[in-house]
Structures are given as C-alpha cells and as structure tokens.
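Student: Next up is a structure, given as structure tokens.
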Amino acid sequence: LFHIYIYYLKSHERALNIEIGKKNRAQYQYLQLKRQLNPHFLFNSLNVLDYLIATDSDKASLYVKKLSSVYRYLLRIEESKTVSLREEIEFVSMYCDLLKERFTKGFIVEIDIAEECKNFFIIPGGLQMLVENATKHNIVSADKPLTINIYTNKDYVVVKNNLQLKINSFESEGIGLKNIVGQYKILFKKDVDIIPDSEYFVVKIPLVKRT
C-alpha cells in the first residue's frame, strides 16, 4: 500500500508538472505572438507617416495625432489577452482613419456590428491586422476600390474584402493571419475560419466570453 501511495504521488506530480509545462509553453507562445503585432504595426505606420511627410505636412501632423491615439489604446491593452468587441471596433475605426490619410480614394470600410455582440470579447488587434492585410495584399485605387466589410454573424465577427491581389502578394508568409489563428488555438482552443475564393477573402473570428 505504501509503494502504491508513493507511486500515486509521483504520478500525480509528473502529471501536474506536464500540465504546468503546457501552460508555460502556451503562455510563451502567446507572448511571442503578441510581440509580432506591435512592431509590425509600427513599421507600417512609420511608412505611412514617411509618405505623408514627403507629400503633405498638414496631413502628416494630423496623422501623428491620430497615431498617438491609436498607440494609447495599444499601450492600454498591452497585457490584455482579450478586449471587448466594442473597444476593438472603436480602435479599428481609428486605424481606418489613419489609412484614409494615405488611401484618399478607393479605400472603403463598412462596419455593421450587432449591438448585442459588442460586449463579447476577441483578441486585441485582430481586426486591425486583417484590415492591414487586406490593404497590404490588394490593389487600392480609384479604378479598383478595395471594400472591407466588418460585421457580426451569430457567434463570429467577420472581415470580408474583395480580391484584387498585387503580383507579389503570393510571396507573403501570412504572419499576421498566423498570429490570429495561433492566439485563438492557444487561448481558447477555437478555430478561426478562413474562406478564400476567386472574388472575396473572408475571415471569421469567434466571439468569446471573458476568461
């Protein structure tokens, strides 16, 4: 009985250590994914700012003010694993205002969020990353407008854009999308649905309750 008891304790300890290891590994992976987001966003923001400084100093000044508001949000939610959909939509709206300083024509964003869904939660920066990806991989011009629709559908928030791919977009590693998929697998054990076809690119992000 004594040996059985010792065996049980050791087995329980091993199982506990394995579980702690899984949680630590998941936390490490989560932090690695989070670290990919802000530098990526900063790099693209500085590119836009550089463009505006060279073309329109007044717009550059306004852009800096809007950019500071966006970064205040990023700093505020830096340690958060989730944010409310309401907060994320407000953030994405600010981010789209920044993009409109660059894409003065041909950039259309339509947001339709059911009121009852706004208190659910998603990962911070997820919607922004999808909007950024759409502008990165597709042509945005007056002749070929890029339209991005953000809306809720049952337990999902959906980001949909028309496809008019740039020539070099096929070479992309898709780090931003992998980031989103990875965080949902690590944090919630949920899948992000990716639905590409010949006309549209659709990503469905699960809405979750606060954990």
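The values are calculated or read from the model by the stated rules, or taken from the named source; none is laboratory data. Given the structure is predicted, the values throughout are model-derived calculations rather than measurements. Don't worry about glycine lacking a Cβ; one is built from the backbone with ideal geometry, like all the others, and counts go over all protein chains shown.
Student: Yes or no: residue 99 closer than 20 Å to residue 45 by Cβ and in contact with a helix residue (DSSP H, G or I) (Cβ under 7 Å, 6 or more places away or on another chain)?
Tutor: yes
Student: Given (1) part of a strand (DSSP E or B); (2) modelled with pLDDT under 95; (3) not aliphatic (A, V, I, L, M), where does residue 136 come up short, assuming only one miss?
Tutor: Condition (1) is where residue 136 drops out.
Student: Name every residue in the stretch 163-196 that is modelled with pLDDT of 85 or more, within 23 Å of residue 106 (Cβ to Cβ) and out of contact with any Phe, Trp or Tyr (no Cβ under 8 Å at 6 or more places or on another chain), in order of residue number.
Tutor: Correct list: 164, 165, 166.
Student: Within the stretch 79-97, which residues are in a loop (DSSP other than H, G, I, E, B) and either without any contact (Cβ under 8 Å) to a residue 24 or more places away in the chain or among the hydroxyl-bearing types (Ser, Thr, Tyr) (or both)?
Tutor: Result: 79, 80, 82.
Student: Then there is this: With respect to residue 131, determine if the residue is surrounded by 15 or more Cβ atoms within 10 Å (Cβ to Cβ), closer than 21 Å to residue 94 by Cβ and touching a strand residue (DSSP E or B) at 6+ places or on another chain (Cβ under 9 Å).
Tutor: The answer is yes for residue 131.
Student: Let me ask another. Can you report the number of residues in the stretch 186-211 which are farther than 18 Å from residue 79 by Cα, not in a strand (DSSP E or B) and not hydrophobic (A, V, I, L, M, F, W, C)?
Tutor: Of the residues in that region, 6 qualify.
Student: Scanning the stretch 86-128 for residues that are among the acidic types (Asp, Glu) and under 28 Å from residue 49 (Cβ atoms), which turns out surrounded by the most Cβ atoms within 10 Å (Cβ to Cβ)?
Tutor: 88
Student: Still on this structure, please answer the following. Can you name the condition, by its number, that residue 124 falls short on among (1) part of a loop (DSSP other than H, G, I, E, B); (2) free of Cβ contacts under 8 Å to residues at least 12 places away in the same chain?
Tutor: (2)
Student: Residue by residue through the stretch 22-81, note down the ones that are modelled with pLDDT of 75 or more and in contact with a Leu (Cβ under 8 Å, 6 or more places away or on another chain).
Tutor: 45, 48, 49, 59, 60, 63, 64, 66, 67, 70, 81, listed by residue number.
Student: Restricting the stretch 64-85 to residues that are of a type in the set (S, T, N, Q) and under 26 Å from residue 206 (Cβ atoms), which is surrounded by the fewest Cβ atoms within 10 Å (Cβ to Cβ)?
Tutor: The qualifying residue surrounded by the fewest Cβ atoms within 10 Å (Cβ to Cβ) is 80.
Student: Which pairs do you get when a residue that is in contact (Cβ under 8 Å) with a residue 40 or more places away in the chain, found in the stretch 184-199, comes within reach of a residue that is assigned to a loop (DSSP other than H, G, I, E, B) and surrounded by fewer than 13 Cβ atoms within 10 Å (Cβ to Cβ), reach meaning Cβ atoms under 9 angstrom, with the pair 6+ apart or on two chains?
Tutor: Once the first residue is in contact (Cβ under 8 Å) with a residue 40 or more places away in the chain and sits in the stretch 184-199, its partners that are assigned to a loop (DSSP other than H, G, I, E, B) and surrounded by fewer than 13 Cβ atoms within 10 Å (Cβ to Cβ) give 184/191; 187/211.
Student: Assess whether residue 136 counts as being closer than 22 Å to residue 197 by Cα and more than 15 Å from the chain's Cα centre (by Cα).
Tutor: No, not satisfied.
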